[in-house]
Amino acid sequence: MTISARELLASVPDVEVRYTRDQAVLKGRNAQWYPQHRIIAMHTDLRGKRWRCSIVHELAHAILDHPAPCGNDFFDQRVEIEADMLAALILLPDLDVVAREIATTAHHGHAAAHLGVICDLLDVRLATLTREEREHVDRTVWSIHEGVGA
């Protein structure tokens, strides 16, 4: 079952989203999680898949109860990777759909666009597949390719 970004946001009622263009608040990013206040700061101009991916990534921080960055690049990067992994799972739950897009689009960017995500999150989803999931995706892609060539 797929959940929309707006449904996910509604399911975490203690998180508030505030829109801003203030780079001091956004820290040079599209969005920023402030755990001490349970606030997500989002760039006012974000739309479409950029908004969707950013809000789900920041909500992943909230769901995982991530702390504010500590200043240690190793630990801060690990937290970002965890949020990306959860966001990718949330936004790309149906591996049959992912496999179909991979098999039928011209390149990776087209697949991501058709799936409504940024390329980075598609990359994360594919990189973190279990062995069984990878085999399923590979079988599905090959099955589609064999059907096209027949």
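Tabulated data for the structure shown
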| read-out | value |
| --- | --- |
| ³J(HN,Hα), Karplus 6.51/-1.76/1.60, whole Hz, each residue of the range 68-79, x for Gly, Pro | 5, x, 9, x, 8, 4, 4, 6, 5, 5, 4, 5 |
| Whole-percent carbon and sulfur share, accessible surface of the chain, 1.4 Å | 55 |
| Cα-based shape type of the range 19-63, given that a ≥ b ≥ c are square roots of the gyration tensor eigenvalues and the cut on a/c is 1.5 | oblate |
| Antiparallel content of DSSP bridges confined to the chain, in %, to 5 | 45 |
| Size of charge dipole - the chain - debye, nearest 20, with Cβ of Lys, Arg +1 and Asp, Glu -1, no other charges | 480 |
| Prolate/oblate/rounded call for the range 11-92, Cα gyration tensor, a/c under 1.5 rounded | rounded |
| Relative contact order %, the range 96-142, counting alpha carbon pairs below 8 Å whose residues are six or more apart | 49 |
| Rounded if a/c under 1.5, otherwise prolate or oblate - the range 109-150, Cα gyration tensor axes | oblate |
| Between 0 and 90°, nearest 10: helix 131-149 axis offset from the chain longest Cα axis | 50 |
| For the range 9-150, accessible area per residue (1.4 Å probe, heavy atoms of protein chains only), Å² | 56 |
| Rounded to 10°, Cα long-axis angle of helix 48-63 versus longest principal axis of the chain | 70 |
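The values are calculated or read from the model by the stated rules, or taken from the named source; none is laboratory data. Please read all numbers here as calculations on a predicted model, not as lab measurements. Note that we place each Cβ from the backbone using ideal geometry, even for glycine, and neighbour counts take in every protein chain shown. Surface accessibility is based on the protein's heavy atoms, side chains included, excluding ligands, DNA and RNA. Shrake-Rupley method; radii C 1.70, N 1.55, O 1.52, S 1.80 Å.
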